[in-house]
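What follows is a set of notes on a single structure, which appears directly below.
Derivation of every value follows stated rules applied to the coordinates shown; laboratory data play no part. These numbers come from a predicted model, not from an experiment. Every residue, glycine among them, receives a Cβ derived from its backbone with ideal geometry; neighbour counts consider all protein chains shown.
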Amino acid sequence: MRRLFPYSLTLALVVLVNPVQAETRYATDSFKLPMRSGGSPNHRVVRMVPSGTPLEVLETNDEGFVKVRTPERAVGWMLARDLMNEASPRERVLQLEGRVTTLEEENQKLRGENESVEVIRNDLNQCNEALAGIRQTASQTLEIEESNRQLQQEMTELREQMASLEQQNTALRDDTSRNWFLAGAGVVVGSLFLGLVVPLIPWRRRRRWDQF
């Protein structure tokens, strides 16, 4: 027990030196203001208007009341001291929160659009690469077509040369055949001449010489 006494005393001193902090809360600014049927405190309350409601001023009187109209087209009188020239802090906070939410949504939308733009840019780059490939292929195709056209032209010229050579060969064959025919005819005629005429002459001469 004597050993625990110093620790207990120390704990008590710590509690006394550091008092427990009180919880803090804030009063709400959300309340409702009475709207009366006339411009005096004696008129009855026709409805309660929430704070921050925008009101259209229609008329004022000397008793400090203002005739107003709500967004729902309700008309009544309210104390001028309960009205402000600008929205309440709570309403402005709500407006700012709404604005922040709208800006966040717009920011998110812009991010989505930026991502879409990036996707479109990537697709465009791919399309450009594909177009470059197609152009290169088309260029090669044109070169191949030009080569084929030149080869076809050369083949046409070769065919014409072959046809001309065949005509020349045919003409040469005809000339050769005609020459051989004429030569053969000459040989036949000469043979006939030699066989019919020439043999008669030598025999006659021999007989004349034998008679002497």
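Apply the Karplus parameterisation 6.51 cos²θ - 1.76 cosθ + 1.60, with θ equal to phi minus 60°, to every residue of region 51-59 and state each ³J(HN,Hα) to the nearest whole Hz, in sequence, with x for glycine and proline.
5, x, 6, x, 10, 8, 7, 10, 6
Report the gain in length on full extension from Leu124 to Arg73: 0.36 nm times residue separation, minus Cα-Cα distance, nm rounded to one decimal.
Working: separation 51, 0.36 × 51 = 18.36 nm, distance 5.62 nm.
Extra length available between Leu124 and Arg73 comes to 12.7 nm.
Can you run phi through the Karplus equation (6.51, -1.76, 1.60; θ = phi - 60°) for region 38-46 and list ³J(HN,Hα) in whole Hz, with x for Gly and Pro?
Per-residue couplings from phi come out as x, x, 7, x, 7, 6, 6, 7, 8 Hz.
Pull up all non-local amide H partners of Leu33: gap of 5 or more, or a different chain, and H-to-H distance under 5 Å with H placed in the peptide plane.
Here the answer is Val49, Ser51, since their amide H atoms fall under 5 Å of that of Leu33.
First select every other residue whose beta carbon is under 12 angstrom from the beta carbon of Asn122; then total the charges, Lys and Arg +1, Asp and Glu -1. Working shown, then result.
Details: positive: Arg121; negative: Glu115, Glu118, Asp123, Glu129.
After counting each charged neighbour, the total is -3.
Would you calculate the separation in nanometres between label points at Met162 and Leu131, each defined as 7 Å from the Cα along the Cα-to-beta-carbon direction?
Simple spin-label model gives 4.7 nm for this pair.
Considering only the other residues whose Cβ falls under 11 Å of the Cβ of Gly64, what net charge follows from Lys and Arg at +1 and Asp and Glu at -1?
The answer is -2.
About its Cα centre, how strong a charge dipole does region 32-84 have in debye, to the nearest 20, once Lys and Arg get +1 and Asp and Glu get -1 at the Cβ? Please report the intermediate quantities before stating the final value.
Values: 8 positive and 6 negative charges, 48 e Å.
Computed about the Cα centre, the dipole is about 220 debye.
Out of Ala138, Val100, Gln150, whose Cα points farthest toward the positive end of the dipole of region 86-162 (charges: +1 Lys, Arg; -1 Asp, Glu; placed on Cβ)?
Checking the options against the dipole of region 86-162, the answer is Val100.
With Rg and the Kirkwood Rh both taken from Cα atoms, where does Rg over Rh land for region 32-84? Could you put the intermediate results ahead of the total?
Values: Rg = 9.7 Å, Rh = 10.7 Å.
On the Cα set of region 32-84, Rg over Rh gives 0.90.
Given a Förster radius of 41 Å and the C-beta distance between Asn61 and Glu106 as r, what FRET efficiency does 1/(1 + (r/R0)^6) yield to the nearest 0.05? Walk me through the intermediate numbers first.
Details: r = 46 Å, r/R0 = 1.12.
The formula returns an efficiency of 0.35 here.
From the phi of every residue in region 71-82, what ³J(HN,Hα) in whole Hz does the Karplus formula 6.51 cos²θ - 1.76 cosθ + 1.60 yield, where θ is phi - 60° and glycine or proline is x?
With coefficients 6.51, -1.76 and 1.60, one gets x, 8, 6, 7, 10, x, 10, 9, 5, 5, 5, 8 Hz.
Collect residues whose amide H, placed 1.01 Å from N in the peptide plane, falls under 5 Å from the amide H of Thr60; neighbours closer than 5 in sequence don't count.
Those lying under 5 Å, H to H, from Thr60 are Lys67.
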